[in-house]
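Scroll down for the structure; my scribbles are underneath it.
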């Protein structure tokens, strides 16, 4: 086939990317087990079909073997080293940017495959997102809360014209007070939730009443209906239980009981919240610890917090599959906007005092 040099370069780039994607999925498959591993191997086989399409078009022009893009090579290295959910998320984003829809040299089937691959990766990544959801929420919430609340406190107090030493003491006090409040609040929250679930569990002492129940007229079926069984299934299960005189609660747990393992330890939640908040709240205090004061300290604290807000927003965007820049700027605007309000109030109090 006669083709322009630019067209050949594009084919070779596609060939390199398909080979890299196949290698990436094989690397990830080695890190996973069971169904997830099989799914990833299936994606690798599909990418090999696409690779063959470009090999057929290129013929001898496929040699020497083209090199994959820097992004593709980086993903493979990450997969070899970590093989984590984060690599799946990045691969999902890469599949979503496939150029085949607008390229006449790629078949409609290939373009459709790439869209489906993105959905497959979305499904695999969703499992990781569910596992990370609670921890990620706590981390982002804790760090952001520490960043914004202590920056607002430091800027508000600093804008009143008080000495830098006073602002520093205020910032440290805000760090400790906020961290302790977060830790205690999380402990009470998790502990209370566990106690509520404990109160809903079946009473093991109920088993002692089974031998005395009237086989023909009893309320055992109502127990199972109260826990979510249909009337028919509850009657059947009650009959089986009475036949064996064994109170078997398997299959009738409440939704709260099924998810109780996801609650975690109250002490662990408290410590995590304390540390996440403290790590965020420490950043606005750094300039004052270093000896800065006045507008210089305000500028350094704001810039430092802004960078961290951009980073947390980017991480949230990456894991959620959303627009990275939009998520980052949203975090920045919300955080610095809240701090700006207290800073303006501090300036107002300074003016009033003057």
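Where a number appears in this text, it was derived from the coordinates with a stated rule and is not lab data. Computed from a prediction, not measured in an experiment: that's the story for all the values here. Ideal geometry is used to build each Cβ from the backbone, glycine not excepted, and the neighbour counts take in all protein chains shown.
Worth a mention:
- Highest-first arrangement of 115-123, 227-235, where packing means the average Cβ count within 10 Å: 115-123, 227-235
- Segment residue 107-residue 233, extension gain: residue separation times 0.36 nm, minus the distance between their alpha carbons: 40.1 nm
- Taking each residue as 0.36 nm, the span from residue 67 to residue 166 lengthens on full extension beyond its C-alpha to C-alpha distance by 29.8 nm.
- Fewest-first ranking of 277, 349, using other Cβ atoms within 10 Å as the exposure measure: 349, 277
- Using a Förster distance of 45 Å, the FRET efficiency for residue 4-residue 119 (Cβ separation, nearest 0.05): 0.85
- Zone residues, the stretch 280-310, relative to residue 330, backbone N less than 14 Å from point 7 Å out along Cα-to-Cβ: 310
- Plainly put, the stretch 1-105 has a radius of gyration that is 1.00 times its Kirkwood radius, both from alpha-carbon atoms, as the Rg/Rh ratio.
- Look at 2, 312, 166, 160 and count the other Cβ atoms within 10 Å of each Cβ; fewest to most, that gives 2, 166, 160, 312.
- Per-residue Cβ neighbour counts within 10 Å put 236, 326 in the sequence 326, 236, beginning with the fewest.
- Over the stretch 5-130, Cα pairs under 8 Å with separation of 6+ residues give a relative contact order of 27 percent.
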